[in-house]
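Encoded as structure tokens, the structure appears first; notes follow it.
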Amino acid sequence: MSLGLSFDLLLGASLLWSGWRALSTPRLDRALVLFIVFGLLMTLTWARLAAPDIALAEAAIGAGLTGALLLDAYGVLQAKRLAAEARK
Amino acid sequence: MTSGLLFACVGAGLFVMGGSGVLLLKHLLRRILAFNLMGSGAFLVLVGMAQRHGIADPVTQAMVLTGIVVAVAATALALALVRHLYRLSGKLELPEAADDD
Amino acid sequence: MKRLVVIPAALFFVLVLILALVDLAPPAFDLRPLVAENLASSGVAHPVTAVLLNYRAYDTLLEIGVLLLALMAILAVSGSPRTTSNTSLSASDPLLAMLGRIAAPVMVVVAVYLLWAGTSRPGGAFQAGAVLAALAVLLHLTGLLAGWQQPGVRLRWGLAGGFLLFLSVGALLLLVEGELLRYPPAHAGVLILLIESGLTLSLGLILAGLFLFLSHDQGGPR
Amino acid sequence: MMIDLAVWLILLPLIWASLAFMAGPGRGARLAIPALGLQLLLVLLLAGTVSESGAIGLAVGGWGAPLGIDLAADGLSVAMLLLTQVIALPLAIYARSYFQVKAPEGRYFWPLCGFLLAGLNGLYLSADLFNLYVTLELVGLAAVALVAADGGSRQLVAALRYLFATLLGSGSYLLAVALIYAAYGTVSMATLAPVITAEAPFVVWLAGGLMLVGLMIKTALFPFHFWLPPAHGGASAPVSALLSALVVKASFYLLLRLWLGPFAGLTASAGLLGWLPATLGALAIFWGSCQAIRAQRIKMLIAYSTVAQLGYLFLIFPLLTSEAALRAGIMQAFAHGLAKAAMFMAAGVLIKATGQDRVDSLAGAAQQLPLTMFAFGLAGVTLTGLPPSAGFLAKWLLIEAAIGQGAWSIAVVVLVGGLLAAGYVFRVLRQGFLLVPAIAADAPSFHPVPRTLEWMALLLAAASALLGLRGVELMELVALGGAA
Amino acid sequence: MTLNEALPLAVLASSLLPGLVIFLLPDAWTGKRTALNLLGAFTKLVLIVILLVGVHGGADYDFHYAVLPGLDLVFKVDALGLLFMSLSAILWLLTTLYAIGYLEESPQRSRFFGFFSLCVTATMGIAMAGNLFTFFIFYELLTLSTFPLVVHRGTDKAMNGGTVYLVYTLTGGALLLIGIIWLHQLLGHSDFAHAGIMADLEATGAISGGQLKMIFLLLITGVGVKAAIVPLHGWLPQAMVAPAPVSALLHAVAVVKAGAFGIIRIVYEIYGIEFAQSLELLLPLAVVAAVTIIWGSLKAFFQDDLKKRLAFSTISQVSYIVLGVALFGPLGTIGGLVHLVHQGIMKITLFFCAGNYAETLGIHKVSEMNGVGRRMPLTTLAFTIAALGMMGAPFTAGAISKIWLIEGARAADMDWAIWVLWTSSLLNAAYFLPIVWRSVFFRAPLAWPAEHLSRYGWRETAWLLLLPPLVTAAATLVTGIFVTSAFSPLAWAQFIAQQEYGPLVP
């Protein structure tokens, strides 16, 4: 087995793992972080697939913007929840 | 096995994982995550299979670029809905059954 | 209950799919030679950009439409303009603010480079637009840029302008050349660069807008 | 010059939608309505061209398949384009009066509506599987946005359900496109049609299955209908009309197109496959009708009726070996489109007038709003399949095709479905005809409603009835380009 | 378009256009509405006279129009259709006059008269239909246009009656539709033609007799609902909640007649009487008709509500027509056809009178009718004449029908049918005579249940209510006495039978 293929195997497994954990981990903040990790792994994958255009887009849009959107939403939801609890 | 085919298979797994997530998960943010996994899976299948003999295929790459943009658009819309729903009702999950009264 | 159906079905499906993928014969058609052959008359040197903005430019046009649509959807969903949640610029870390000030010009330069590079190597309007959007997000996070409320006239023109420019070029070519988005080979390069410049700006604004229109809303549950 | 007609049908709505967005919230009606008139004119010219000189093919960018994207206008697609523009124009005039100045839910109606219509027109014209994916998303996201626009939490929940359903559907479709590309290296329908045969690799069958399921979800075929009633029942009346009359037809059309076009090799070799959508369609008819008969809110009633009526569309799949079935399907699409738009518009008037959404609160409506009740009744006649109406012709064609192929079960389903439809239609009419003494304490009060609203509903309802007297041209158009 | 093609359309338009305009008129415009109604009714009469003369002289009135490729809307005016059309046109005029008097000052008159005109349009379409497809369109249109009339009062009770009416007629319509499409699918068309269109089909051996019997069952069940054949009659007594002019229309002109007319068309011009006989379809039909005749009469006997009694009487009388059709041979045919007209004239008289009692004095029940003959002598006279006609008393229209039916039964060797007819006559007498007796000889109560209209000189009630029943009662006598004149219903029925059976007719 060549070095490239074993790296790909490892990468594929990490993709599946991070994707799975992003859905299944009980804590939402961890899930979001895992999702961003997943996005970065995707970027690597695209690079491995000789698709630098997609890699760039994935880094900027897939992992970056989507991640930022999700984190921002999470932050607001968290803040609201805290505020609501504080009011109680 | 080439890396194209390998990642295509990974993509198949991601697609199915994401699809099941969209169907099964309750929390709306997680559903959005699941939808994104599903999309990434489909993209991987598209590019991976087209490049399973090792040569880059610009057509599928361009398609995936289009797909990524569409996915982020859908994600943003979904987030807007979720955030607004949360503001109105404080809920982050959809009620069990469609209420028909 | 639902799980018992979905999970076995999903596992079965993925297994079947992977088996089917693994022993798939090579495809009957191959577009790569076609892409390469026509690259000379496409106006760009980078095949992906050629596909995106020439061979399948119509897809791209509609896709920008989807993005613009998503932005409008966010505006429509977020409800009537409210007077309350006037986003306060958080008095942020001065160090962060400085970082933002330094990063801003650098990122603009990067965006312009990506746009220009797209004609011959990886890069292009999407990536450049994304960098601009990232800049806006960064400025927002460092407290230098407030979340956006309902857009004013200028912002609306900026958001839709790139799309409308793309659309007009397409329509003009339809009138002149008889086919939607059929560039005359001699002018293809210029026209594509024109479209991409417009798109970079609008995409940057739209992508930033997706974030900033959403994040203006900071109030608790009503 | 003639061939531009089709492309302008896509460009025009995009242009007026963008301009409407630039003009600002709530604006755009004055731009949209003349533009829609122009679109209607274009599609009529296009129909004339196609019926004279046959199907039209266009190579966007001058490349042609497989490298570029092909557009194609044949009888089937022109028929659907025609339906779209015919409904869109009266609907726009209706919407203009419905969303009064600065109504919050109408702020982005015009741009969203323009993108939706562009997506629909693009979908009907596209002959490229991936391009179809983009148009599907355009339609889906615009529809979700329209449902959610400035709605309460009920609408948001409905919109989210709709969004996830539609994303699941287009996701499956996208994976299918990827598989097709993997197997053949092209996404052009014309290129694919001759090479996909019964001996196709298994991946292609999987792709076909994914597309079937994905599009069934998007068309809200039972049991994937769960998202439709809250979404269509919860949106504002013009949006409900747009969604029920047009949007769900798009994915049905695509399914039909794929079934008859690129996948004809597969579907012909598996003769029993058509019974899957047909069985689900029959279940949809029964289940949807029963829910409509039980529904308390009038818009929910109409939305469940959509679930039922969509079922008829799927009954044609086992019969598609004869051309009569295709004609029945298109006639049903027209009948339901026109009538359902009219019905939602009439319901909008009733709701605006009474301020309530319950079937029970309609007593006396026939006295107060005779035009609207008449429009509702006429549309109901079409849905029930009573003559003279397009619905009746659809029923006639469908039963004749079914009997011709010995599929008695389908004929029976159609007849029983018609009776069930009568059940929910006359439930509303009965309530509307009830006389309420004007002095009674609980007598509903009726607010004045712009007459335009009433007349537009009546216009579409009348169209659905009158099509029942002259379907020759439409059927000849469909016959021109059924099986690609 | 030639004149001969345009005439059938003009007949339709003469009630359709006024109807559509009337919908838009405000309720208060009584004068304009009445003028429109009468204009339409008279125009129609004139057109029908033209057609009568034309058809008698052998002219063809044919109009074809493609609705779908291979599916035509066909109008054709023939002797049989004209029989029905003349009846409907004359009675429409009278009923319109009656309704104008009846509905004075009540709400929603424009809607009422609008649907009333549509209803007559549908009847004309049924009469002129040249194929089953066209027939079905107008048959269902009739259902739709009568529903708002049945529920016109807008009460819960009216709604329930209307719902029952719809359930029956729509279900019947569905069965009829499947029969028609089946037939259309086999033949490629469904045109009416003398001596039928099926005989050739079976001769080729492509289609089994069993299939044709099945289609016959579907078709007859479908139209049988409107003809109120037992056991499909359940809607008719329920539909009595409608205002009196509507009941008159339903019973005498439009709905039940449309059903009976459909049976005639199907037996004679789809299957052909000879072929129907060879398939052994006529005897079961005759038996069903006989059962309906007896059962309707029996039920009528037990009703106290006047309109209900009349309703069951209708069920019985309409099946005379069906019986006549089912008696193989020209004499029975003539009896059935002539009864189509005679029953209409007599039954409409009875309903007009019942409406007069209710509207003038608030009388709805037989038991309330004591001595009403002295308060309303003219109405009671008309009622009596019509009732006698129903029994088949000499010098009335009813007698003529009965004689020909009995002769027909004898010629067809179905003596049991004669017994059925006699029994029915006796039962008719048993439920009509006590009413007459009661109203003439019993003492009047001190006060009527609800007296709305008072006496004006010789007029016991509003003249628009009084005139129509007097005219129709007179017609009952005239058609009974001047049977031999050239344009009597009998002469016309003989003309039709001649076309169907050729020179067999005596």
Tell me whether the range D:270-290 contains one or more residues that are buried (at least 20 other Cβ atoms within 10 Å of the Cβ) and outside any helix (DSSP H, G or I).
no
In the range C:21-56, the residues that are part of a loop (DSSP other than H, G, I, E, B) and either among the small types (Gly, Ala, Ser) or without any contact (Cβ under 8 Å) to a residue 24 or more places away in the chain (or both):
C:Asp23, C:Leu24, C:Ala25, C:Pro26, C:Pro27, C:Ala28, C:Phe29, C:Asp30, C:Leu31, C:Gly43, C:Ala45, C:Arg56
Does the range D:344-365 include one or more residues that are within 30 Å of D:Thr267 (Cβ to Cβ), hydrophobic (A, V, I, L, M, F, W, C) and modelled with pLDDT of 95 or more?
no
Do we have any residue at all in the range D:338-361 that's in a helix (DSSP H, G or I), charged (D, E, K, R), closer than 23 Å to D:Val78 by Cβ and in contact with a Ser or Thr (Cβ under 7 Å, 6 or more places away or on another chain)?
yes
From D:Val43, D:Val86, D:Val60, grab the single residue that is more than 30 Å from C:Val153 (Cβ to Cβ) and touching a residue at least 60 places away in the same chain (Cβ under 8 Å).
D:Val86
Scanning the range A:56-88 for residues that are within 9 Å of another protein chain (Cβ to nearest Cβ) and charged (D, E, K, R), which turns out nearest to B:Leu44 (Cα to Cα)?
A:Glu58
For the range C:157-206, what are the residues that are crowded, with 19+ Cβ neighbours inside 10 Å and polar (S, T, N, Q)?
C:Thr200, C:Ser202
Looking only at the range C:139-174, and only at residues there that are among the hydrophobic types (A, V, I, L, M, F, W, C) and at pLDDT below 90, the one that is farthest from C:Glu63 (Cα to Cα):
C:Leu144
Would you point out the residue of the range B:32-58, among those that are out of contact with any Ser or Thr (no Cβ under 9 Å at 6 or more places or on another chain) and without any contact (Cβ under 8 Å) to a residue 12 or more places away in the chain, that is surrounded by the most Cβ atoms within 10 Å (Cβ to Cβ)?
B:Asp57
Looking at (1) in a loop (DSSP other than H, G, I, E, B); (2) facing another protein chain (nearest Cβ under 9 Å); (3) more than 17 Å from A:Ile54 (Cβ to Cβ), which one does C:Arg121 not meet, given that it meets all the others?
(3)
In the set D:Ala103, D:Ala65, which member is within 11 Å of chain C (Cβ to nearest Cβ), out of contact with any Leu (no Cβ under 9 Å at 6 or more places or on another chain) and surrounded by 19 or more Cβ atoms within 10 Å (Cβ to Cβ)?
D:Ala65
So which pairs qualify, if the first residue must be in the range E:380-401 and assigned to a helix (DSSP H, G or I), the second must be of a type in the set (Phe, Trp, Tyr), the Cβ gap must be under 6 Å, and the two must be at least 6 apart or on different chains?
E:Ala387/E:Phe432
The range D:143-157, subset under 13 Å from B:His84 (Cβ atoms) and more than 7 Å from every other protein chain (Cβ to nearest Cβ), residue modelled with the lowest pLDDT
D:Gly151
Got at least one residue in the range D:394-409 being at pLDDT 90 or above, more than 26 Å from D:Gly261 (Cα to Cα), assigned to a loop (DSSP other than H, G, I, E, B) and within 10 Å of another protein chain (Cβ to nearest Cβ)?
no
Report yes if E:Thr349 is farther than 13 Å from E:Ala444 by Cβ, touching a Leu at 6+ places or on another chain (Cβ under 7 Å) and part of a helix (DSSP H, G or I), otherwise no.
no
State all residues of the range A:69-80 that are touching a Ser or Thr at 6+ places or on another chain (Cβ under 9 Å) and among the aliphatic types (A, V, I, L, M); if no residue qualifies, say none.
A:Leu69, A:Leu70, A:Ala73, A:Val76
Go through the range E:161-203 and count every residue that is within 18 Å of E:Lys213 (Cα to Cα), among the β-branched types (Val, Ile, Thr) and within 12 Å of chain D (Cβ to nearest Cβ).
3
Restricting the first residue to the range E:331-346 and requiring it to be in contact (Cβ under 8 Å) with a residue 40 or more places away in the chain, which pairs with a second residue that is outside any helix (DSSP H, G or I) and crowded, with 24+ Cβ neighbours inside 10 Å meet a Cβ separation below 9 Å and a spacing of at least six or different chains?
E:Thr333/E:Leu327; E:Gly335/E:Leu327; E:Gly336/E:Leu327; E:His342/E:Thr396; E:Met346/E:Thr396
Only one residue in A:Asp53, A:Asp72, A:Asp8 is touching a residue at least 24 places away in the same chain (Cβ under 8 Å) and of a type in the set (D, E, K, R), so which one is that?
A:Asp8
If you go through A:Ala51, A:Ala31, the only one that is away from chain C (no Cβ under 14 Å), in contact with a helix residue (DSSP H, G or I) (Cβ under 9 Å, 6 or more places away or on another chain), buried (at least 19 other Cβ atoms within 10 Å of the Cβ) and at pLDDT 90 or above is A:Ala31
Has the range B:51-59 got any residue that is of a type in the set (S, T, N, Q) and assigned to a loop (DSSP other than H, G, I, E, B)?
yes
Residues that are part of a helix (DSSP H, G or I), in contact (Cβ under 8 Å) with a residue 60 or more places away in the chain and in contact with a helix residue (DSSP H, G or I) (Cβ under 9 Å, 6 or more places away or on another chain), drawn from the range E:188-218
E:Ala199, E:Glu202, E:Gly209, E:Leu212, E:Phe216
Give C:Leu138, C:Leu145 a once-over and let me know the one that is within 14 Å of chain A (Cβ to nearest Cβ), surrounded by fewer than 20 Cβ atoms within 10 Å (Cβ to Cβ) and out of contact with any Gly (no Cβ under 8 Å at 6 or more places or on another chain).
C:Leu145
The helices (runs of 4 or more DSSP H) lying entirely within the range D:126-230 that contain at least 1 residues which are under 19 Å from B:Leu94 (Cβ atoms) and among the β-branched types (Val, Ile, Thr) are D:129-148, D:153-184, D:202-219
So E:Pro148 clears everything in (1) facing chain D (nearest Cβ under 9 Å); (2) buried (at least 20 other Cβ atoms within 10 Å of the Cβ); (3) farther than 17 Å from E:Lys257 by Cα; (4) touching a residue at least 40 places away in the same chain (Cβ under 8 Å) except one condition, right? Which one?
(4)
Among the residues of the range D:79-90, is any surrounded by fewer than 23 Cβ atoms within 10 Å (Cβ to Cβ) and more than 20 Å from the chain's Cα centre (by Cα)?
no
E:Gln185 being outside any loop (DSSP other than H, G, I, E, B) and in contact with an Asp or Glu (Cβ under 6 Å, 6 or more places away or on another chain):
yes
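The values are calculated or read from the model by the stated rules, or taken from the named source; none is laboratory data. Remember, predicted model here, so these are calculated numbers, not experimental data. With ideal geometry, Cβ positions are generated from the backbone for all residues, glycine too; neighbour counts draw on all protein chains shown.
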